[in-house]
């Protein structure tokens with residue numbers, strides 16, 4: 001491992017043979033930070049969601065990850081969440097990634113004024129549910145062919161526009 | 001020293017077990033759902049995520065504890081000794097979501113006493129099989145829940 005101080009306040013951190021596991025981890029993280037720094041801002045939330053899904057797949061791979069009887073998060077469900085991300089419009093708030101006890105990965109939006117919406121892809125069916133303050137509830141299933149159906153798009157645009 | 005600690009833990013869990021609650025769950029009763037996964041709550045927003053209230057595919061219900069009139073140390077003790085330490089993977093108790101039994105009942109669910117492994121154990125049952133319906137009910141319950149993050153134990157305190 002070679003660490004060279006390059007003025008002003010820059011560090012060059014090169015991958016060398018014989019580096020320890022920890023040093024390789026640090027190098028990978030620094031590379032990731034550099035890569036993200038080069039990306040346009042509009043891409044960054046999608047990219048960070050992809051990373052989050054990858055992390056969820058890794059950290060929720062054991063049965064009982066929720067402390068009870070949760071099933072491991074499946075690759076199929078993680079791929080489903082990635083497909084939804086690709087279909088999301090730009091002018092909405094970025095969602096969060098949430099693993100469910102049945103092993104599915106959902107995307108969720110939650111606002112401070114008790115508006116919560118969640119969506120996941122199971123086979124070719126989008127499963128969605130949302131409570132939008134008090135008794136206003138919307139839920140159901142829609143077929144998915146690569147684009148979000150107008151029902152779901154309408155909900156996202158109405159309740160979770162980009163801040 | 002280790003044996004002494006184990007013995008004191010054994011005494012404490014036995015003490016926790018000496019408890020009594022009525023068989024019927026009252027609508028106003030507080031229930032606590034113990035949370036072991038950081039994705040199931042948001043400490044900054046002070047909210048419990050709906051996934052913490054989604055039913056298990058295996059049991060078809062969710063496990064809760066009836067914690068009305070319990071002091072904080074007892075509520076955390078129940079989660080620690082009767083949920084976390086009963087698992088072989090030694091999961092870490094992170095938080096809990098407190099919600100009145102009424103919140104489940106209002107969604108057409110029922111809260112029934114299941115006094116094993118502890119007299120205060122109960123299950124929120126009667127979930128629909130449809131996934132979207134399960135999720136809408138879990139979201140509604142989560143919106144009523146109060147998040148409590150487990151305080152860091154002082155050095156030497158095992159609970």
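The values are calculated or read from the model by the stated rules, or taken from the named source; none is laboratory data. On a predicted model such as this, the values are computed, not experimentally measured, just so you know. Note that we place each Cβ from the backbone using ideal geometry, even for glycine, and neighbour counts take in every protein chain shown.
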Is there any pair with a first residue in region B:39-63 that is more than 8 Å from chain A (Cβ to nearest Cβ) and a second that is at pLDDT below 95 and part of a helix (DSSP H, G or I) whose Cβ atoms are under 6 Å apart and which are 6 or more apart or on different chains, and what are they?
-> none
On the given criteria, is residue A:161 more than 14 Å from the chain's Cα centre (by Cα), surrounded by fewer than 22 Cβ atoms within 10 Å (Cβ to Cβ), over 23 Å from residue B:55 (Cα atoms) and touching a residue at least 60 places away in the same chain (Cβ under 8 Å)?
-> yes
Restricting to region A:44-81, what's the tally of residues that are in contact with a strand residue (DSSP E or B) (Cβ under 7 Å, 6 or more places away or on another chain) and in a helix (DSSP H, G or I)?
-> 8
Residue hits (region A:111-129; more than 7 Å from chain B (Cβ to nearest Cβ), touching a strand residue (DSSP E or B) at 6+ places or on another chain (Cβ under 7 Å) and surrounded by 17 or more Cβ atoms within 10 Å (Cβ to Cβ)) are A:115, A:117, A:119, A:120, A:126
Could you tell me which of the residues B:128, B:88, B:119, B:115 is under 18 Å from residue B:17 (Cα atoms) and out of contact with any strand residue (DSSP E or B) (no Cβ under 7 Å at 6 or more places or on another chain)?
-> B:119
Looking at region B:1-29, which of the residues that are over 18 Å from residue B:116 (Cα atoms) and modelled with pLDDT of 85 or more is surrounded by the most Cβ atoms within 10 Å (Cβ to Cβ)?
-> B:29
Only one of B:64, B:75, B:83, B:99 is within 21 Å of residue A:114 (Cα to Cα) and within 12 Å of the chain's Cα centre (by Cα), namely B:99
Only one of A:53, A:84 that is touching a helix residue (DSSP H, G or I) at 6+ places or on another chain (Cβ under 8 Å), closer than 28 Å to residue B:46 by Cβ and more than 8 Å from chain B (Cβ to nearest Cβ) = A:53
Does at least one position in region A:114-134 carry a residue that is within 22 Å of residue B:89 (Cβ to Cβ) and within 16 Å of the chain's Cα centre (by Cα)?
-> no
Got a sec? Which strands (runs of 3 or more DSSP E) wholly within region B:1-114 have at least 3 residues that are closer than 26 Å to residue A:59 by Cα?
-> B:30-35, B:62-66, B:95-100
Residues of region A:92-106 being more than 7 Å from chain B (Cβ to nearest Cβ), in a strand (DSSP E or B), touching a residue at least 40 places away in the same chain (Cβ under 8 Å) and buried (at least 21 other Cβ atoms within 10 Å of the Cβ), which ones?
-> A:97, A:105
Might you let me know whether region A:136-153 holds any residue that is within 12 Å of another protein chain (Cβ to nearest Cβ), in contact with a helix residue (DSSP H, G or I) (Cβ under 6 Å, 6 or more places away or on another chain), over 26 Å from residue B:59 (Cα atoms) and without any contact (Cβ under 8 Å) to a residue 12 or more places away in the chain?
-> yes
